[in-house]
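Written below as structure tokens is the structure these notes are about.
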Amino acid sequence: MIAHATRILDFPDYLATIRRFTDDELIPAEPEMVRTGCVPERLVARMAELGLFGMTLEPEHGGMGWTVEQQVLLTLEFTRASVVYRSRFSTTIGLVSQAIAAFGTDEQRARYLAPMANGDCVAAFALTETEAGTDATSVRTTARATADGYVLNGAKRFITNGHWADVLLVFARTDPESRELSAFLVDRTAPGVSTSLPEQMNGHAEGPIAEIVLQDVHVGHEALLGGTEGNGLRQAMRGINHARTHVAATAVGQATRLLEEAGRHAGIRRQFDQPLADFGAVAAMLGRSYAEVEAGRALILDCAREFDRSGPPRDRISAAKLYCTEMASEVADRAVQILGGEGIAGAGPVPRMWRDVRALRIYEGASQLHERNLARAVVAASTP
Ligand SMILES: Cc1cc2nc3c(=O)[nH]c(=O)nc-3n(C[C@H](O)[C@H](O)[C@H](O)COP(=O)(O)OP(=O)(O)OC[C@H]3O[C@@H](n4cnc5c(N)ncnc54)[C@H](O)[C@@H]3O)c2cc1C
């Protein structure tokens with residue numbers, strides 16, 4: 001079905017299709033998603049049918065072959081709906097498929113990419129551990145070499161889609177003395193793999209992040225990504241730079257919707273015989289938010305164009321990820337303020353999105369990590 005979507009639609013038509021899908025199907029299904037606590041399976045099937053699982057891959061791998069700029073334009077549309085919809089396919093399209101496309105062996109590309117592009121193979125990216133959060137080099141999961149492959153032992157936490165993915169990209173240490181990591185493609189149903197979900201989430205409630213335990217999990221040599229040990233961090237960074245670009249766009253998409261919700265409320269709700277929007281203080285919150293959303297949109301689109309021209313611009317991606325996610329939290333906070341008590345009570349979109357956007361400042365590099373990296377870049381560029 002994806003192949004049809006790829007061939008029939010040019011980009012403006014495809015973008016319009018995704019805009020309609022967002023307005024007509026994703027946003028109206030948010031109450032159902034909240035009620036049931038998960039993304040309805042019929043919408044996951046629709047995402048696959050429309051090609052969203054293949055939006056980042058080249059046609060030779062069954063994908064749609066969109067540029068990074070086009071991917072950002074699409075993300076700006078579908079992330080006006082709950083961020084959890086995007087989470088359902090984000091780890092497949094970004095973190096994992098990009099690493100396989102860039103570093104996988106011919107066999108790994110042939111085995112995984114086309115099923116990922118059509119939504120048949122959902123992937124999760126299993127890097128984070130209790131001791132290895134921002135500092136990914138502290139991974140303790142081990143991969144002991146055997147005659148016919150490796151035996152993996154360790155535990156991962158906070159893994160998006162980890163509970164239902166078909167394949168896990170697991171980062172482990174083949175040499176406990178070295179800081180180098182290696183990446184392994186592990187079947188989630190393999191003996192020794194177990195997953196569980198947290199009892200409670202503060203944001204992303206309908207897309208909970210999993211804990212994964214690996215106990216004496218045997219994999220063959222063909223599971224080692226790229227067939228070479230010690231390349232794991234470089235492989236991870238390929239997917240991470242791509243995912244950070246998408247997360248920045250996600251923050252702008254969320255802020256766009258939050259501003260729409262706040263603007264609608266401010267225009268309708270009356271106090272002291274006038275709409276809230278007529279109070280200067282409320283107008284200032286709306287006007288400032290509009291300017292910041294547009295600044296974020298321009299920044300991430302420009303960044304995406306540079307990505308297309310000359311590969312991932314690491315520092316500019318960091319800057320966009322930092323600015324857009326912090327901006328979305330500010331906009332969410334103002335939206336809650338404008339809604340008053342309705343911004344706190346009930347299952348409406350504003351309080352839910354306020355909680356959801358908070359996590360964007362933590363995953364794909366906490367804001368403070370980006371600030372530190374950008375400060376280093378400034379000093380390096382300014383020092384003779
Ligand atoms: C919704 C969600 C989805 C996620 N999905 C995945 C996934 O799919 N796969 C995966 O592997 N992981 C995933 N994660 C994990 C995420 O990548 C980590 O939470 C993140 O890297 C931070 O690690 P930590 O939580 O251990 O916090 P820590 O590393 O303990 O950091 C806590 C805080 O300390 C500060 N800090 C840390 N290091 C520095 C530094 N160098 N300079 C300045 N300040 C610093 C920051 O303020 C940071 O927020 C997800 C997390 C969330 C919340």
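The values are calculated or read from the model by the stated rules, or taken from the named source; none is laboratory data. Because the structure is a prediction, the values reported are computed rather than measured. With ideal geometry, Cβ positions are generated from the backbone for all residues, glycine too; neighbour counts draw on all protein chains shown. For the accessible areas, the whole protein counts, side chains as well, though only heavy atoms, and no ligand, DNA or RNA atoms are used. Shrake-Rupley method; radii C 1.70, N 1.55, O 1.52, S 1.80 Å.
Structural remarks
- For Arg173, the criteria (1) over 17 Å from the mean Cα position of the chain (by Cα); (2) over 29 Å from Gln368 (Cβ atoms); (3) modelled with pLDDT of 95 or more hold in every case but one, which is (2).
- Considering region 291-384, the qualifying helices (runs of 4 or more DSSP H), each wholly inside and each with 3 or more residues that are within 14 Å of the ligand (Cβ to nearest atom) and open to solvent by 60 Å² or more (accessible area, probe 1.4 Å), run over 367-382.
- Residue in region 201-208 that is closer than 30 Å to Met33 by Cα, more than 19 Å from the chain's Cα centre (by Cα) and of a type in the set (A, V, I, L, M) present: no
- Against the numbered list (1) more than 9 Å from the ligand (Cβ to nearest atom); (2) surrounded by 24 or more Cβ atoms within 10 Å (Cβ to Cβ); (3) not aromatic (Phe, Trp, Tyr), Lys156 comes up short only at (1).
- Selection of region 128-138 for residues being in contact with a Leu (Cβ under 8 Å, 6 or more places away or on another chain) and either near the ligand (Cβ under 7 Å from one of its atoms) or modelled with pLDDT of 95 or more (or both) yields only Thr134.
- Restricting attention to region 27-70 and to residues that are assigned to a helix (DSSP H, G or I) and of a type in the set (Asp, Glu), the residue that is farthest from Arg244 (Cα to Cα) turns out to be Glu32.
- The set of residues in region 189-205 being open to solvent by less than 60 Å² (accessible area, probe 1.4 Å) and in a loop (DSSP other than H, G, I, E, B) consists of Ala190, Gly192, Pro198, Met201, Gly203, His204, Ala205.
- Checking Ile240 against (1) in contact with a strand residue (DSSP E or B) (Cβ under 7 Å, 6 or more places away or on another chain); (2) assigned to a helix (DSSP H, G or I); (3) open to solvent by less than 30 Å² (accessible area, probe 1.4 Å), the condition it does not meet: (1)
- The set of residues from region 1-26 being over 20 Å from Thr67 (Cβ atoms), modelled with pLDDT of 95 or more and surrounded by fewer than 17 Cβ atoms within 10 Å (Cβ to Cβ) comprises Arg20, Asp23, Asp24.
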